[in-house]
Amino acid sequence: MATIGIDLGTTNSLAVTYREGEVELIPNGFGDYLTPSVVHVSDDVLTVGKIAKERLVTDPENTAQLFKRSMGTNEIFYLDGEAFSATDLSTLVVKQLVADAESYLGEKVDEILISVPAYFNEKQRSATKAIGQRLGIKVERLINEPSAAAIACHKIGKDESFIVFDFGGGTLDVSVVDCFDNVISIVSIAGDNFLGGSDFDKAIAEDFCQSQGIDLEKLDTKQKSSLLLSAERCKLKLQKEKVAAVSLTYDDQYYMKEYYCYRLE
């Protein structure tokens, strides 16, 4: 029996284990450490992760993403005519992570720890805990994301204070954390629950449309999804390269714009 830690993210999720005194990242079936928090359902076939993310372009009506933002709410997502809550969809993501972990570790996972934003209220935390009940797996505990970051950096026996910046795919959190006498205390937290990497993708897509004389609102669902995916790839490419492009085929015309990354030396 094994216990794993899960970072259930807005755009990507991952699982880790602790063995032989080291934290070990668990790869999924594709050998990647990050599993996209995306679910696709069509013709009673369900996919989660990398393949599901590709369906955002080919079948966006039956694909869900960014549902973590709706945890603890009554928002419903309809995929292939079936209703899903944010907890339902998150459960499917965690189920996939657990399956990948069991395959990698060669043993059954019976306990999980899930990291959650410090700003999560009781409804959001209860919705997250419900994932374990649905999967028949014990949720050993929920740990605040800034607390997890502080634990990773904290030197045992030393009083320290940290400012933790968590800029994720869906949210931006800034937390002040105190560490003393083996206690981790979140002193203050601020941020924006609806600002993250996915919003950068949207901003790039909007700029692209404005520069090319395209009305973003006139794009159909597939075209919008294709444009957002191109914008995300451009953003990721600019982490390593100075130039990346966004492209879109619209009304039988091919549009492209290059974006540049300027780094301060």
Provide the three semi-axes, in whole Å and in decreasing order, of the ellipsoid equivalent to the chain as defined by the square roots of 5 times the Cα gyration tensor eigenvalues.
33, 24, 17
With N denoting the number of residues in the stretch 60-138, provide Rg(C-alpha) divided by 2.2 N^0.38 Å, to two decimal places.
1.16
Can you give me the long-range amide H partners of Leu219? Hydrogens built in the peptide plane at 1.01 Å from N, cutoff under 5 Å, separation of 5 or more residues or another chain.
none
Cα point-scatterer Debye curve for the stretch 35-88, base-10 log of I(q)/I(0) at q = 0.21 Å⁻¹:
-0.70
note: the stretch 203-265, Cα-Cα separations exceeding 15 Å make up a percent value of 47 percent
Square roots of five times the Cα gyration tensor eigenvalues for the stretch 149-215, Å
39, 10, 7
For the stretch 195-259, state which GluC sites (Glu not before Pro) are in a DSSP loop and have at most 12 other beta carbons lying within 10 Å of their beta carbon.
Glu241
Rounded to whole Hz and in sequence order, give me ³J(HN,Hα) for the stretch 56-67 from the Karplus expression 6.51 cos²θ - 1.76 cosθ + 1.60, θ = phi - 60°, writing x for Gly and Pro.
4, 8, 7, 8, x, 5, 10, 10, 10, 8, 6, 6
In terms of modelled amide H atoms, which long-range or inter-chain residues lie less than 5 Å from the amide H of Val109?
Ala2
How much of the accessible area of the chain, probe 1.4 Å, is carbon plus sulfur, in whole percent?
50 percent
Using label points projected 7 Å from each Cα along Cα→Cβ, tell me how many nm separate Leu105 and Lys123, to one decimal.
3.3 nm
At a Förster distance of 30 Å, what's the computed FRET efficiency of Glu206 paired with Asp43, Cβ-Cβ distance as r, to 0.05?
0.35
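The values are calculated or read from the model by the stated rules, or taken from the named source; none is laboratory data. This one's a predicted model, so the numbers in the text were calculated from it and none came from an experiment. All Cβ positions, glycine included, derive from the backbone under ideal geometry; neighbour counts span all protein chains shown. Heads up: the accessible areas ignore ligands, DNA and RNA and are worked out on the full protein's heavy atoms, side chains in. Shrake-Rupley method; radii C 1.70, N 1.55, O 1.52, S 1.80 Å.
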